[in-house]
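Enquirer: Before we start, here is the structure in question, set down as structure tokens.
The values are calculated or read from the model by the stated rules, or taken from the named source; none is laboratory data. Note that the structure is predicted; figures quoted are calculated from it, not measured. Heads up, the Cβs are rebuilt from the backbone with ideal geometry, glycines too, and the neighbour counts pull from every protein chain shown.
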Amino acid sequence: MEVVKAVGRQGSAAPDSVAIRADQQSYSYIQIISSAVKISNLLNNSDIKTPCEARKDENPSLSIDGMGKQRHLGGARIGIVAKPSAEFVAGILGTWFSGGVAVPLALSYPEAELLHVMNDSDISMVLSTNDHRELLQEVASKCAAQFSIIPPVPSTSSLKNAHDHSHPGEIDELGILRGSIENSSEDPALIIYTSGTTGKPKGVVHTHRSITAQVQTLTEAWEYTSADQFLHSLPLHHVHGLFNALLAPLYAGSTVEFMPKFSVRGIWQRWRESYPVDGTRAEDAITVFTGVPTMYTRLIQGYEAMDPELQVASASAARKLRLMMCGSSALPLPVMQQWETITGHRLLERYGMTEFVMSISNPLKAMRKPGTVGKPFPGVQVKILMEDENGDNTDGVGELCVKSPSLFKEYWKLPEVTKESFIDGGFFKTGDAGRVDEDGYYVILGRTSADIMKVGGYKLSALEIESAILEHPVVAECCVLGLPDKDYGEAVCAIIVPKADAKVKQEEDLKPAISLEELRSWAKEKLAPYKLPTRLYLWDSLPRNAMGKVNKKELKKVLAAKQ
């Protein structure tokens, strides 16, 4: 509830401060919180059967006390399906204000996956917007959930036209700042489903306490303030887009500007509008941007396609942002270096997972080390679990285990999986391999199940090899994985997407843009002989999910079947 209260406080203190921009409209904090109250009333007045009421039906002698005069959803799951918008934000806050558990659902989900998540999480009601009414009504009916439209949030311009101004006092009268709807800090508040790159998606349950701990940590570590303006082009059903770029900024009183979808042209243009070449600064100038490595790769490609004059204006504008961050997958060193050359920004890399959101980060103001994710946040403990129980492991590589105030409560309806995911002391096993360098910075070597290859007795990091290959002048994208090999256990396989000009030359010359022999010859100056690829595939593109990650486990199955 602390995020709800923070939004309420900001609306009360600065009624005209903008919380959200979307579709050329602005929405103030007071409009967002007022709309959240409407959604709360909608939920409380529905005939959703709360978990407490269901238990009372099963045991009529059970009394339900402490609910107060206003109905409390008691942890009922509410699915929220909406494009990045003021309505999505109001839906999340309204669900929490009602005592419900928000379950953000992806617009990109095919119907079968949508049904799986909705059935698995036992969703009681689906909140959506008019543009998805037909699909969501049908899907909701298939899983016995109710459906309701999220009431449109009035924009600042519409209210001015209607001469309808809310007053700060209304918020306090509604009880938001006083916390009249009491949720225990340990009550579930959010279920986010994992991306499923290493297995079937699991529902990760976060409590009000873990959410509060995370938004406070990010706000302090990265110095989010009410002066910040975020440009948001990430999915909202993953923690990167939901926490780093939305909930923490709202907690800090910042403005979040949604782009309908990621657009190279749109992002560069928005930065140029923020900081024109005449040296002025727009009132709504963007100050913070966070993205995934693929986004920065595309932005670099877009920059290279500009004429020289536009390049100068774009680079100059980008340099004036306060902060640029990257995460969700490993940032290749060549991309980081090229971005710094163009914009002057050394991207702030950090490390997180759905289960604990962010736990390790390069510093805001001190040295940011390329190839690392920095050091643990205050209050976060990290240990490395060595694979070799005999203590013969001399390279310091092992599985990262994290203990954090923002750690999740459980995997939804998977008690055994939850139990198996922890070691003594309450440390969560991340499944990521890593080590600590000489400066105490953490280096992530990849998923133990997908990015760590065992080749002829050596343990190799696919991410290290990918980073080296990406320096080759014809390589646009690269994926390295281990394929079964009868002699060495696994063989180093590289999948390369050539750059556009290399593809054209490939077609003209009727030969591959790069051969395995050429790649090995070039890479031997950068990689040890046992790390050199022994198999090579040239593809037009790599299959990625919404966060830019490649599902290596599925790729390995497909390629192994073709051997």
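Enquirer: When the residues of the stretch 407-424 are filtered to those that are in contact with a Phe, Trp or Tyr (Cβ under 7 Å, 6 or more places away or on another chain) and of a type in the set (A, V, I, L, M, F, W, C), which remaining residue is farthest from PHE377 (Cα to Cα)?
Expert: Going residue by residue through the stretch 407-424, those that are in contact with a Phe, Trp or Tyr (Cβ under 7 Å, 6 or more places away or on another chain) are 407-408, 417-418, 421-422.
Subset that is of a type in the set (A, V, I, L, M, F, W, C): 407-408, 417, 422.
Numbers: LEU407: 13, PHE408: 16, VAL417: 27, PHE422: 20 Å.
Applying the filter and picking the extreme gives VAL417.
Enquirer: List the number of the failed condition for LYS369; all other conditions in (1) over 26 Å from the mean Cα position of the chain (by Cα); (2) in contact (Cβ under 8 Å) with a residue 24 or more places away in the chain; (3) outside the structural domain of LYS526 (by TED's automatic domain parsing); (4) surrounded by 15 or more Cβ atoms within 10 Å (Cβ to Cβ) hold.
Expert: (1)
Enquirer: Looking only at residues in the stretch 260-291 that are within 22 Å of ILE30 (Cα to Cα) and touching a helix residue (DSSP H, G or I) at 6+ places or on another chain (Cβ under 7 Å), which one is surrounded by the most Cβ atoms within 10 Å (Cβ to Cβ)? Working first, answer last.
Expert: So the first thing to find is which residues in the stretch 260-291 are within 22 Å of ILE30 (Cα to Cα), and the list is 283-286.
Adding the requirement that they be touching a helix residue (DSSP H, G or I) at 6+ places or on another chain (Cβ under 7 Å) leaves 285-286.
Working: ALA285: 18, ILE286: 24.
The residue in question is ILE286.
Enquirer: Could you please find all residues in the stretch 433-452 being surrounded by 18 or more Cβ atoms within 10 Å (Cβ to Cβ), free of Cβ contacts under 8 Å to residues at least 60 places away in the same chain and not in a loop (DSSP other than H, G, I, E, B)?
Expert: Applying the first criterion (surrounded by 18 or more Cβ atoms within 10 Å (Cβ to Cβ)) to the stretch 433-452 yields 433-434, 441-448, 450-452.
Checking the rest, the ones that are also free of Cβ contacts under 8 Å to residues at least 60 places away in the same chain come to 433-434, 445, 448, 452.
Those that are surrounded by 18 or more Cβ atoms within 10 Å (Cβ to Cβ), free of Cβ contacts under 8 Å to residues at least 60 places away in the same chain and not in a loop (DSSP other than H, G, I, E, B): ALA433, GLY434, LEU445, ILE452.
Enquirer: Please find, among ALA112, ALA102, the residue that is among the small types (Gly, Ala, Ser), surrounded by fewer than 21 Cβ atoms within 10 Å (Cβ to Cβ) and assigned by TED's automatic domain parsing to the domain that holds VAL239.
Expert: Values: ALA102 fails: surrounded by fewer than 21 Cβ atoms within 10 Å (Cβ to Cβ).
Exactly one of ALA112, ALA102 is among the small types (Gly, Ala, Ser), surrounded by fewer than 21 Cβ atoms within 10 Å (Cβ to Cβ) and assigned by TED's automatic domain parsing to the domain that holds VAL239, namely ALA112.
Enquirer: For the stretch 506-545, which positions are part of a loop (DSSP other than H, G, I, E, B) and either under 17 Å from GLU464 (Cβ atoms) or of a type in the set (S, T, N, Q) (or both)? Steps first, please.
Expert: So the first thing to find is which residues in the stretch 506-545 are part of a loop (DSSP other than H, G, I, E, B), and the list is 510-515, 524-528, 532-534, 539-543, 545.
Matches in the stretch 506-545: SER515, LYS524, GLU525, LYS526, LEU527, ALA528, LEU532, PRO533, THR534, SER541, ASN545.
Enquirer: A follow-up question, please. Could you name every one of the helices (runs of 4 or more DSSP H) located completely within the stretch 1-75 that has at least 3 residues being modelled with pLDDT of 65 or more and over 16 Å from PHE97 (Cα atoms)? Please lay out each step first, then the result.
Expert: Details: elements: 2-13, 29-44, 51-58.
The helices (runs of 4 or more DSSP H) meeting that bar are 2-13.
Enquirer: List the residue pairs whose Cβ atoms are under 9 Å apart, where the first residue sits in the stretch 1-25 and is more than 25 Å from MET259 (Cα to Cα), the second is in a loop (DSSP other than H, G, I, E, B) and hydrophobic (A, V, I, L, M, F, W, C), and the two are 6 or more positions apart or on different chains.
Expert: If the second residue must be in a loop (DSSP other than H, G, I, E, B) and hydrophobic (A, V, I, L, M, F, W, C), the pairs left are MET1/ILE176; MET1/ILE181; LYS5/ILE176; LYS5/LEU177; ARG9/ILE176; ARG9/LEU177; SER12/ILE176; SER12/LEU177.
Enquirer: Please go through the stretch 312-321 and pick out each residue that is part of a loop (DSSP other than H, G, I, E, B) and either exposed (fewer than 15 other Cβ atoms within 10 Å of the Cβ) or not charged (D, E, K, R) (or both). Break it down into steps so the answer makes sense when it comes.
Expert: Step one: of the stretch 312-321, the residues part of a loop (DSSP other than H, G, I, E, B) are 320-321.
Across the stretch 312-321, the qualifying residue is only LEU321.
Enquirer: Out of GLU309, GLU349, which single residue is among the acidic types (Asp, Glu) and outside any strand (DSSP E or B)?
Expert: Working: GLU349 fails: outside any strand (DSSP E or B).
GLU309 is the lone residue from the list that is among the acidic types (Asp, Glu) and outside any strand (DSSP E or B).
So that you can scan it fast, the table gives a plain yes or no per residue for (1) surrounded by fewer than 21 Cβ atoms within 10 Å (Cβ to Cβ); (2) among the small types (Gly, Ala, Ser); (3) part of a helix (DSSP H, G or I):
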{"site": "ILE465", "(1), (2), (3)": "no, no, yes"}
{"site": "GLU471", "(1), (2), (3)": "yes, no, no"}
{"site": "ALA476", "(1), (2), (3)": "yes, yes, no"}
{"site": "LEU481", "(1), (2), (3)": "no, no, no"}
{"site": "PRO484", "(1), (2), (3)": "yes, no, no"}
{"site": "CYS493", "(1), (2), (3)": "no, no, no"}
{"site": "VAL497", "(1), (2), (3)": "yes, no, no"}
{"site": "VAL504", "(1), (2), (3)": "yes, no, yes"}
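Enquirer: Still on this model: In the stretch 553-561, is there at least one residue being within 18 Å of LEU483 (Cβ to Cβ), outside the structural domain of THR194 (by TED's automatic domain parsing) and in a loop (DSSP other than H, G, I, E, B)?
Expert: no
Enquirer: Residues of the stretch 76-114 being over 24 Å from LYS261 (Cα atoms) and either not aromatic (Phe, Trp, Tyr) or not in a helix (DSSP H, G or I) (or both), which ones?
Expert: Correct list: ALA76, ARG77, ILE78, GLY94, THR95, SER98, GLY99, GLY100, VAL101.
Enquirer: Let me ask you something else. Please pick out the residue among GLU525, GLU518 that is out of contact with any helix residue (DSSP H, G or I) (no Cβ under 9 Å at 6 or more places or on another chain), more than 21 Å from ILE300 (Cβ to Cβ) and either modelled with pLDDT of 90 or more or surrounded by 19 or more Cβ atoms within 10 Å (Cβ to Cβ) (or both).
Expert: Values: GLU525 fails: either modelled with pLDDT of 90 or more or surrounded by 19 or more Cβ atoms within 10 Å (Cβ to Cβ) (or both).
Exactly one residue qualifies, and that residue is GLU518.
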